[in-house]
Amino acid sequence: MHFYDAYHSDRWAIAAVGGIFAQKPSSPAASSASRALAAPIVGRVVDQATGEPLPSATILFPDLRRVTATSTDGAFRFTNLPKGRFLMQVRSLGYTTVVRTVDTGAGQPLDIALVPAATEIGQVVVTGVSASTEMRRSPIPTTVVNRSQLNQAAATNVIDAIAHTPGLSQITTGVGISKPIIRGLGANRVITLNNGARQEGQQWGDEHGIEIDEAGIDRAEVIKGPGSLLYGSDGLAGVVNFVAPDPVEEGKIIGSVATNYQTNNNLLGYSVMNAGNLNGLNWMARNSGKVASNYRNPYDGRVFNSGFRELNGNGYIGLNKSWGYSHLTLSTFNQIVGLVEGDRDTITGRFLKPVVGGNFGEIIGEPQSEDALRTYTLHVPRQQINHLRIGTENNFILDRSRLTLNVGWQQNLRREFGNPADYYEESLFFQLRTVDYSLRYFLPEINGWNTTIGTSGMRQENVNKGVEFLIPAYQLYDAGAFAVSKKTFGKLDLSGGLRYDWRRIEADNLFLDEDEQPVPAPRGEMKFPGFVSTFRNVSGSVGGSFEASEKLVLKANVARGFRAPNIAELGSNGIHEGTIRYEIGNPALKAETSFQLDAGASYETEHVGLRIDAFRNQIQNYIFPRRLPSTAGTDSLSADGDPVFVYGQGDARLLGAKSPSIFTLTRSTGCTSRTASRWCAPKS
C-alpha cells in the first residue's frame with residue numbers, strides 16, 4: 001500500500017494580491033529625547049553603471065528595526081537614530097544588495113551604488129549571530145529562503161514551503177502536518193523560532209507539526225548544525241527561524257489581501273493584513289485561513305481523511321524611538337487535521353471509514369465512494385491544535401551598548417480524537433504552558449571585538465486532560481548563559497563563544513483504577529512512575545570566514561552541541577494514536593552531545609552563484625525508538641495489537657555535502673540547480 005504525500009507534481013496555485021494602499025500624514029514633530037542623537041542620516045542610491053538614481057530602494061537597519069525607501073531622485077533620510085555602529089542593508093529589485101556597517105554619529109552622507117544582478121549577494125541574517133550579519137561573512141552554515149521562494153512553493157504549511165532547500169527536508173504524515181529535518185535530524189533536535197522566540201509545542205511527536213502561519217512570515221533562516229550558542233538545548237541539528245516582515249516606513253499605512261487556490265485538494269486560503277508607522281507608533285495585524293479537502297496521488301486517487309482546516313492571526317503594536325523599540329506581540333494558530341490510517345476494503349479496494357455497526361456495536365469499516373472523498377468533512381482519527389503566544393520584544397540603546405529583552409507566554413493545546421463511537425471524545429489531550437525569556441547585552445566595541453553576553457531559558461508545565469495517557473504530567477525548568485564574540489582581521493572574520501546549560505524535568509506519577517481513571521497513589525495500577533532528571537552541559541563554537549577575493553569566500557566552523565531527552569523519550573507509556581504504536585520511555589537516558597565540523601566555499605557574481613558545503617557530525621548517546629522483542633524472539637505487541645517500541649541509545653556518525661548553484665543567462669532569464677547528499681552511519 002502506498003501513500004504519496006508529496007503530491008505537488010499535479011497541483012498548482014493561483015494567488016491574487018490587491019488592496020494595497022498608502023497615505024502620508026504630516027511630518028512628526030522632532031523628539032526631545034534626553035539622550036544624545038545622531039545627526040540626520042542622509043544618502044543617495046544610484047545604478048553603478050549609469051549613475052541614474054534608483055527610486056523605491058529599501059534601506060534597513062535590522063538591529064534598530066528602522067526602514068525607509070528612496071524618493072524619485074534616489075535620496076533617503078533617517079532622523080532620530082541613536083549614535084553607534086549598526087549594520088545597514090540597501091536592496092533594490094534586480095540589483096545586488098549592499099551591506100555595510102555605518103557609524104550613525106559620523107555625520108557623513110552615504111552614497112550607495114548598486115550593481116545589476118539576479119543572485120542573492122548581500123543577504124543579511126539575524127539568526128544564530130550576536131547581531132545582524134552579512135550571510136557570506138558568517139562561518140555558521142546558514143541558508144535563507146525568501147518570500148518569493150515561499151510564494152513559488154505553493155505549499156500547504158510553512159515547513160512544506162521550505163522543504164526543498166538543500167540540506168533541509170521534512171517528515172510529513174499529511175498535507176497539514178510537516179516537521180523540519182536538517183541534515184538527517186529532526187523533532188526535538190531542531191529548534192523552531194517564531195521571529196527569534198522559541199516556539200514550544202509538542203515537538204516530540206512525528207505527526208505534530210509546527211504551529212506557525214506561513215502567510216505571516218517574510219523569510220526563513222536555517223542554521224545547519226549546532227553552531228549557534230544563543231538558544232540552548234535542542235539545537236543539535238540546527239535552528240529554523242521564521243522571520244516576520246520588516247517594519248513599515250515612517251509615515252505610511254499599508255494593507256494587502258491575498259487569496260490562494262490549489263487544485264489537487266481544492267484548498268482555499270486567504271490572508272488579510274494591515275500595518276503602519278505613524279510618529280514611531282508601529283503596528284501590524286493579520287488574519288488568515290485555509291480549508292482543504294482530501295488530496296489525491298497517482299497511486300491511491302483521493303486519500304480518505306487527509307483534509308484540514310486552519311484559522312490564524314498574528315500581529316504586534318509598539319514604539320520605535322531613538323532609545324530603541326518595544327513591541328507587544330500576539331499570535332494564534334488553530335488547526336484541525338485528519339489523520340490517514342489507510343484501511344481498505346479487500347474486495348473493492350475503497351478506503352474504509354471506521355463506524356459503529358454489527359450486532360454488538362463493534363467498530364467496522366464502511367467503504368467510501370468517490371463523492372464522499374470530495375467533501376471537506378474530517379473524520380476519526382483527527383487532531384486539533386490551538387497555539388497561543390503573547391510576548392514582548394524590547395531593544396534599548398545604551399550609549400554605545402545595547403540591551404535586548406524578550407519574554408513570552410505560550411499555551412499549546414493538542415487533542416487527538418480516536419474513538420469512532422464518540423466523535424468528540426478526546427483520546428489524548430495535552431495542555432502545555434511555557435514561559436520563555438531571552439536577555440542579551442551587546443557590549444561596546446573594544447579594539448574591533450564585538451561581544452555579546454546573555455542568558456535564556458524557560459519554564460514548562462504539561463497536564464494530561466484526555467481519557468488516555470501517553471506521557472506523564474511534568475514540569476520543566478531550563479536556564480543557560482552564554483558569551484559570543486567576533487572580530488574582523490582584514491579579510492578574515494573570526495567568531496566563537498561558550499554556553500552553559502542546565503535543564504531539569506520533574507515527572508508526576510500516575511495510578512489508574514480498573515476503569516482507567518486516575519486515583520491517588522498507591523491505589524490502583526501504576527501507569528507512570530514519578531522521576532526527576534537533571535542535565536548539564538558546556539557547548540562551544542569557533543569558526544572563521546576568509547574573503548579570498550571579492551567573489552570567493554572560504555568558511556570553516558567547529559561546534560559542540562547538546563540535547564536533553566524529551567518527556568516522551570524519558571517517560572512515555574501508552575498507545576500513540578498518531579503513530580499507531582505503543583511507546584515506552586526510559587528515565588535513565590543520557591543527554592545527547594555532538595561534535596560537528598563544517599567547511600564550505602562560496603563564489604558569487606552578478607550572474608553566477610555557487611556554494612559548496614560539507615559536514616561531519618559525531619553524536620554520542622543518540623536516542624531512537626526500537627522495536628521491543630518478545631521472549632519468543634518476535635516483535636512485541638500491545639493488548640490492542642499495536643507494535644511496542646522502547647527508547648534506547650547509541651552513537652551515530654553523519655557525513656554530508658550540498659552544492660546549490662544559480663546561473664543567470666541574461667538579466668531576464670536564468671536557471672537554478674540545487675543538490676544535496678548525506679550519508680548516515682551508526683557507530684553502534
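The values are calculated or read from the model by the stated rules, or taken from the named source; none is laboratory data. Just so it is clear, the model here is predicted, and its values are computed rather than measured. Backbone-built Cβ (ideal geometry, glycine too); neighbour counts: all protein chains shown.
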Selection over the range 39-98 where residues are out of contact with any Leu (no Cβ under 8 Å at 6 or more places or on another chain), hydroxyl-bearing (Ser, Thr, Tyr) and assigned to a strand (DSSP E or B) yields a count of 2
Any residue in the range 272-287 that is more than 28 Å from ILE580 (Cβ to Cβ), small (Gly, Ala, Ser), modelled with pLDDT of 95 or more and in contact with an Asp or Glu (Cβ under 9 Å, 6 or more places away or on another chain)? no
Give MET88, MET135 a once-over and let me know the one that is under 30 Å from THR455 (Cβ atoms), at pLDDT 90 or above and among the aliphatic types (A, V, I, L, M). MET88
Among SER306, SER331, SER369, the single one that is small (Gly, Ala, Ser), part of a loop (DSSP other than H, G, I, E, B), outside the structural domain of GLU211 (by the TED database) and buried (at least 19 other Cβ atoms within 10 Å of the Cβ) is SER306
Mind listing just one residue for me: the one in the range 524-545 that is touching an Asp or Glu at 6+ places or on another chain (Cβ under 7 Å) and in a loop (DSSP other than H, G, I, E, B) and, of those, modelled with the lowest pLDDT? GLY524
Starting from the range 158-182, keep only residues that are within 21 Å of ASN617 (Cβ to Cβ), then list their pairs with residues that are aliphatic (A, V, I, L, M) and at pLDDT below 80 whose Cβ atoms are within a distance under 7 Å, requiring at least 6 positions of separation or different chains. PRO166/ALA676; GLY167/ALA676
Could you tell me how many of the residues in the range 296-315 are touching a Gly at 6+ places or on another chain (Cβ under 9 Å) and of a type in the set (Lys, Arg)? 1
Output the residues belonging to the range 174-233 that are basic (Lys, Arg) and over 19 Å from ASP478 (Cβ atoms). LYS179, ARG183, ARG219, LYS224
Taking the range 244-265, which residues are under 23 Å from GLN152 (Cα atoms) and buried (at least 17 other Cβ atoms within 10 Å of the Cβ)? ALA244, ALA258, ASN260, GLN262, ASN264, ASN265
Residue in the range 342-353 that is closer than 30 Å to GLY201 by Cβ and assigned to a loop (DSSP other than H, G, I, E, B) present: yes
Output the residue which, of all residues in the range 416-426 that are of a type outside the set (D, E, K, R) and surrounded by 20 or more Cβ atoms within 10 Å (Cβ to Cβ), is farthest from the chain's Cα centre (by Cα). GLY418
Check every one of the strands (runs of 3 or more DSSP E) wholly within the range 376-469 and list those with 3 or more residues that are among the charged types (D, E, K, R) and under 24 Å from TRP502 (Cα atoms). 428-442
Filtering the range 190-210 down to residues that are at pLDDT 90 or above and of a type in the set (D, E, K, R) yields ARG198, GLU200
Run down PRO565, PRO587 and say which single residue is touching a strand residue (DSSP E or B) at 6+ places or on another chain (Cβ under 9 Å), buried (at least 22 other Cβ atoms within 10 Å of the Cβ) and part of a loop (DSSP other than H, G, I, E, B). PRO565
Quick check on the range 627-643: of everything there that is touching a Pro at 6+ places or on another chain (Cβ under 7 Å) and at pLDDT 80 or above, which residue is surrounded by the most Cβ atoms within 10 Å (Cβ to Cβ)? SER636
Under 9 Å between Cβ atoms, which residue pairs at least 6 apart in sequence (or on different chains) link something in the range 204-224 that is touching a residue at least 40 places away in the same chain (Cβ under 8 Å) with a partner that is acidic (Asp, Glu)? TRP204/GLU569; GLU207/GLU416; GLU207/GLU577; ASP213/GLU310; GLU214/ASP160; ASP218/ASP246; LYS224/ASP598; LYS224/ASP613
Check on LEU510, farther than 20 Å from VAL463 by Cα, of a type in the set (A, V, I, L, M, F, W, C) and either in contact with a Lys or Arg (Cβ under 8 Å, 6 or more places away or on another chain) or free of Cβ contacts under 8 Å to residues at least 24 places away in the same chain (or both): no
Kindly check whether there is at least one residue in the range 429-444 that is under 29 Å from PHE351 (Cα atoms) and either surrounded by 17 or more Cβ atoms within 10 Å (Cβ to Cβ) or in contact with a helix residue (DSSP H, G or I) (Cβ under 9 Å, 6 or more places away or on another chain) (or both). yes
Could you tell me whether ILE385 is crowded, with 19+ Cβ neighbours inside 10 Å, within 26 Å of ALA258 (Cα to Cα) and either of a type in the set (Val, Ile, Thr) or not assigned by the TED database to the domain that holds ASN412 (or both)? yes
